[in-house]
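The structure appears below as structure tokens.
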């Protein structure tokens, strides 16, 4: 069985498999694109085993790609560079509308398949409400296309009575850096998903007990995985089935653990309607497409 064979692969043997791939039924390699939730080096370390697993289990050659920033990632999406994509929710919603991607799964991590947008401050900041951020610096992760770290966080600020110009808006390269910067008092508050504070690359660098949530959205469906509709139907179905089935076999569980995931659980497009409402509240009915070119 391929899964039993895969269990015998160590991380050392995965690396050449990832680079060289197997003989594929596809003419071109399938590209697995991962959005820059974390830095490039960590992203490759976490998800290279998944690309190797898909190559081994499906027979298609799967290669991993990411980008150094949200802007570069989005340019790659628009250029059609990715076949299977791990998006944030905003990326997915716009890509479903304009770039022919359909969601098939979402993350389950830290025991949950939901995530909330949040505003985080230091416990000793003296800031106890959104109104207390007037005139303060709020650091957002990634870009204005970051669903939890910017769009949902901005929605929370608006719900708390703050408008653009009431606070100083700055950006870090990714969501973990916003929280780390807030801990070190480089910003008064950070916008991020509520799970980001629990990520290993945050917990290992700061004492998160010194931080608190100032505001959170309701929990919404987690980060999506989508696939390009133009791929052959049998290829799409095989890839979707194998990714969702990882939680049910030992080899797949190993790959999920290496990616800091519990599972990829099935999802459909209507699961993202809650995100759509927040995006419209912040950006209008065109989802901000006209201003975020």
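Suppose we filter segment 94-110 for residues that are assigned to a helix (DSSP H, G or I) and under 29 Å from residue 257 (Cα atoms); how many remain?
2
Go over the candidates 121, 85 one by one and state the one that is in the same structural domain as residue 266 (by TED's automatic domain parsing), in contact (Cβ under 8 Å) with a residue 12 or more places away in the chain, buried (at least 23 other Cβ atoms within 10 Å of the Cβ) and assigned to a strand (DSSP E or B).
After ruling out the rest, the residue left standing is 85.
Does segment 36-51 contain at least one residue that is buried (at least 24 other Cβ atoms within 10 Å of the Cβ), free of Cβ contacts under 8 Å to residues at least 60 places away in the same chain and more than 14 Å from the chain's Cα centre (by Cα)?
yes
Which residues, taken from segment 266-278, are in contact with a strand residue (DSSP E or B) (Cβ under 9 Å, 6 or more places away or on another chain) and either surrounded by 17 or more Cβ atoms within 10 Å (Cβ to Cβ) or over 26 Å from residue 45 (Cα atoms) (or both)?
267, 268, 269, 271, 272, 274, 275, 278
The values are calculated or read from the model by the stated rules, or taken from the named source; none is laboratory data. Please read all numbers here as calculations on a predicted model, not as lab measurements. Glycine gets a Cβ as well: all are built from the backbone with ideal geometry, and neighbour counts include every protein chain shown.
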